[in-house]
């Protein structure tokens, strides 16, 4: 008998196991990452690794603990690529979570399987992930790599997806912005472009509230908060830290901060008149838009006081 590895590819039984446990793997990866940022990318990389090692799986073993052990290595690889990202989970905390997930074996399966199944992120959520990864890239080469790895697949998913008109427009805008980010690195322009996306999401949040669709409000709020923090605030911070003295750039940055302030005020107003199940989401979104909005309002207040003090 030959000891050569089986090259016939994954068995139908293996593929069924892999596809039926996507939500469980996604939950495990999110736990190891400390959030959903990057989870979809790591899930796909884990799937590739599992398919490559399908011939090594012993059908007498439990699938989930075996698969989670592969996910851990993919999370480690992702963390290395994101090593300079301030939002990456602390190393010791990651190790503790990962060790528990991998070592728990059967317990992992029952703990994760007992949770409500989490749907695979849709096109808009995946496009937001992609945009955030692009804007946080540390070099033009890294941006080009992130873009080339996912652009074609994301465009294909967008083309095939059946989305409501507003959601499709948002997805198309995110796709276009991702393509733009691959070729540009300008924190002022990026914060402005992400502000356009935040405005679109806020309009959709209001529409979902009017339709009493709390689930859609919650989903949009998750994306909005990430755009506000990692797309707008992070780029404003980059520009402020650069100490750029160009008056034109300062003026453009000031407009971004004012737009942030305006959104924070609108979110507060929506929270006050929304049903209870939507109110908490608007309050959370308002906090995401409050940092530079408050700074801008304070600046305008000082300018007004200075003008009033003039003889």
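The values are calculated or read from the model by the stated rules, or taken from the named source; none is laboratory data. Here the structure is a predicted model, which is why all the values come from computation and not from measurement. Cβ sites come from the backbone with ideal geometry, for glycine too, and all protein chains shown count toward neighbours.
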Requested in this report: For the stretch 69-179, please list each of the helices (runs of 4 or more DSSP H) lying entirely inside it that holds at least 2 residues being at pLDDT below 85 and surrounded by 15 or more Cβ atoms within 10 Å (Cβ to Cβ).
Outcome: 91-103, 106-113
Query raised in the report: Can you name every residue in the stretch 194-221 that is crowded, with 21+ Cβ neighbours inside 10 Å, within 12 Å of residue 279 (Cα to Cα) and within 17 Å of the chain's Cα centre (by Cα)?
Result: 217, 221
Query - Of the criteria (1) touching a residue at least 60 places away in the same chain (Cβ under 8 Å); (2) farther than 15 Å from residue 127 by Cβ, which one residue 150 fails - result: (2)
**Report entry** Candidate set: the stretch 3-40, residues that are in a loop (DSSP other than H, G, I, E, B) and at pLDDT 80 or above; chosen: the one surrounded by the fewest Cβ atoms within 10 Å (Cβ to Cβ)
**Finding:** 11
Query raised in the report: Limited to the stretch 184-206, what total is found for residues that are outside any helix (DSSP H, G or I) and without any contact (Cβ under 8 Å) to a residue 24 or more places away in the chain?
Result: 2
Query raised in the report: How many residues are touching a residue at least 24 places away in the same chain (Cβ under 8 Å), surrounded by fewer than 21 Cβ atoms within 10 Å (Cβ to Cβ) and over 15 Å from residue 198 (Cα atoms) if we restrict to the stretch 243-274?
Result: 3
